[in-house]
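Okay, structure first, notes after.
Derivation of every value follows stated rules applied to the coordinates shown; laboratory data play no part. Given the structure is predicted, the values throughout are model-derived calculations rather than measurements. We place every Cβ from the backbone using ideal geometry, glycine too, and count neighbours over all the protein chains shown.
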Amino acid sequence: MTPARPLRTAAWYPGRVTGNQHVTQLLAAERAATVERLAGLERERAAIIESSGSAATDDEHDPEGATIAFERQHLAALISQARGQLAQIDAAMARLAAGSYGRCESCGRPIGAARLAARPATAVCIDCAG
Ligand SMILES: [Zn+2]
């Protein structure tokens, strides 16, 4: 994936249906990165499960076992976080296609440009996010 330079036009602002191409690219790039991260995490988790399964560790007496259990929990948390992010990105892409992107889902007002730039997949404005 090549990071294409967004075409910035002076007329662009969040909520505008036309001229959102760089948002599409931004979301696509973020989605690709998240999918990649998710795949990496799942590989890591599979490797831990595989290694802990074959070693048949005793969790109670083996400090290694406790570490593995913690590691698995940590990975599970990261995986569900990445999945949530992916769902958010997909929802943002759907809003973009529907023409409602950049509008707060909670209060209906436009989401600030700075917030959208920092979190392109966000569905709510800064006031509603609190
Ligand atoms: Zn709002």
Please list, ordered by chain and number, the residues whose modelled amide H lies under 5 Å from the amide H of Arg103; skip anything fewer than 5 residues away on the same chain. Ile111
FRET efficiency for Asp127 and Phe70 from the Cβ-Cβ distance with R0 = 41 Å, rounded to 0.05, comes out at 0.65
What share of Cα pairs, in percent, lie more than 16 angstrom apart in the range 21-101? 60 percent
At Glu105 and Ser80, where each label point lies 7 Å from the Cα along Cα→Cβ, what is the point-to-point distance in nanometres? 1.9 nm
With a cut-off of 17 Å, note down the residues of the range 113-130 whose backbone N falls inside the zone around a label point 7 Å from the Cα of Ala91 toward its beta carbon. 116, 119-130
